[in-house]
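J.: First the structure, which I've put down as structure tokens, then a few questions once you've had a look.
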Amino acid sequence: MTHSAISTSRTDVHNVWATTRLSLALVCLALLGSVPLESVRGQEATIAPPAVSSGLRESLKPLSRSELSSPAGEAVQTLSATARGDTYVALASGLDSVFRGGEPRSLAELKLLELQQSKVASVIERVTVNVQQGSAQGSGVLITADGYVLTAAHVAGKPNMPAQVVFSDGTRYSATTLGMNRDKDAGLLKINDERGQPWPFATIGSVGDRDLREGQWVVAAGHPGGWKAGRGAVIRVGRVLAINRSTADRGRAHTLFTDCALIGGDSGGPLFTLEGKLVGIHSRIGTEITDNMHVPIDVFHESWERMVRGDAWGSLPGYRPVIGVNGPKGDDRPLIDSVVPRSPAARGGLAAGDLVLSINGVNISTFEELKLGVEASLPGDVLVLTVQREAQVLRLSITVGVADN
């Protein structure tokens, strides 16, 4: 997510260089003979972005619908890995080994890989959107025919907030943020506007079934720096570096790492396989620009019903919200037993012995509900607490803080 647009020159150079990795490798092979791909990839960080010929630009043009082998999409009302979607692209014959993570072993395989990537780039641009929520913006991807959009939780912000979704051609639609699993940085929006026909949507893949493996080629899309006229979605190609799985949760994937070069504004954008299947959502940029984290699509499967309902739970890494109060042992009521000195609660006037009656007008009756109310907020949010203090009923404004790590 970004709060300010990056410079046009930096974006344009980055876009040309990142999207032409395979074509440049192809040029190297054509000029130098058969060169191991790892040798080509190893030089990427040290050479300057070259000038791109008009012929090479022509080879990277989006393909027309008649040139694509993807089947027509079908409407779906829920997140489903069985729906075909609009981004599926049949794998070219002869790419099986490369698709599974192998290196192209010949010039012919490298050409097939470049063509496959171009086909995927053409179809995923239709479903990749810019998401604007308040002064912040990021990216997202349509995943149902009725207008649900996946993004990162830190892009969506909080539930039930107005947002805008901008397509690559500049068309804008109003949307509303829904639920989010902040522990995993997974968020959801819904387009409000009707357009008289189903929305295009991504074909859903899976990581949990081990369809994705380390070394596999992937295609990333997004709107870095926000939507820009005449540019469309920016496409990057890379490989899966690692798939982190939880040993305590039956080996479920919780984080993907790739070397797709992402920058500010890409957060919330989609990650696709070479078959055009959605397998992840961009979450955080790593310490290096080519070491980035993505939320596996399986996380959205698991959280789908709660997010559609508008639930928000968990906290973003490094941004756990707190107000600084403790409840008494053996008492389930939202009773304040103690207030941490110099905490948000102390600064807002909350005191030991106060009984919290409501949060932002929503009545509560347990300390657990008080905790959930705080966890559903973000650092910097203002919570209006109605409290009973002896015979008085007070309204206190508490600015949520962030927990020390």
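J.: In the set THR151, THR128, which member is surrounded by 24 or more Cβ atoms within 10 Å (Cβ to Cβ), over 27 Å from LEU372 (Cβ atoms), in contact (Cβ under 8 Å) with a residue 12 or more places away in the chain and touching a Leu at 6+ places or on another chain (Cβ under 9 Å)?
T.: THR128 is the lone residue from the list that is surrounded by 24 or more Cβ atoms within 10 Å (Cβ to Cβ), over 27 Å from LEU372 (Cβ atoms), in contact (Cβ under 8 Å) with a residue 12 or more places away in the chain and touching a Leu at 6+ places or on another chain (Cβ under 9 Å).
J.: Which residues, taken from segment 198-232, are farther than 20 Å from SER122 by Cβ and without any contact (Cβ under 8 Å) to a residue 40 or more places away in the chain?
T.: Passing the criteria: ASP209, ARG210.
J.: Does segment 114-137 hold any residues that are modelled with pLDDT under 90 and in contact with a helix residue (DSSP H, G or I) (Cβ under 8 Å, 6 or more places away or on another chain), and which are they?
T.: Of everything in segment 114-137, those that are modelled with pLDDT under 90 and in contact with a helix residue (DSSP H, G or I) (Cβ under 8 Å, 6 or more places away or on another chain) turn out to be GLN133, ALA136, GLN137.
J.: Ok, one more. Inspect segment 388-397 for any residue being β-branched (Val, Ile, Thr) and closer than 28 Å to ASP183 by Cβ and give the result as yes or no.
T.: No, that holds for no residue.
J.: Can you find a residue that is in a loop (DSSP other than H, G, I, E, B), closer than 27 Å to PRO379 by Cβ and not acidic (Asp, Glu) anywhere in segment 123-135?
T.: yes
J.: I'd like to verify a number: residues in segment 248-263 that are over 18 Å from ARG182 (Cα atoms) and either at pLDDT 80 or above or outside the structural domain of ILE281 (by TED's automatic domain parsing) (or both), how many?
T.: Residues that pass the stated criteria total 7.
J.: Also, I was wondering about something else. Let me confirm something: among ARG309, ARG395, ARG342, ARG320, which residue is surrounded by fewer than 15 Cβ atoms within 10 Å (Cβ to Cβ) and under 27 Å from LEU189 (Cα atoms)?
T.: Going through ARG309, ARG395, ARG342, ARG320 in turn, just one is surrounded by fewer than 15 Cβ atoms within 10 Å (Cβ to Cβ) and under 27 Å from LEU189 (Cα atoms): ARG309.
J.: Only residues in segment 233-247 that are assigned by TED's automatic domain parsing to the domain that holds ALA221 and part of a loop (DSSP other than H, G, I, E, B) count as the first member; pair them with residues that are buried (at least 24 other Cβ atoms within 10 Å of the Cβ) and modelled with pLDDT of 90 or more, Cβ under 7 angstrom, at least 6 apart or cross-chain, and list the lot.
T.: If the second residue must be buried (at least 24 other Cβ atoms within 10 Å of the Cβ) and modelled with pLDDT of 90 or more, the pairs left are ALA233/THR128; ALA233/ALA221; ALA233/GLY222; ALA233/HIS223.
The values are calculated or read from the model by the stated rules, or taken from the named source; none is laboratory data. Values in this document were obtained by computation on a predicted structure and should not be read as measured data. As a convention, Cβ positions derive from the backbone with ideal geometry for all residues, glycine included, and neighbour counts pool all protein chains shown.
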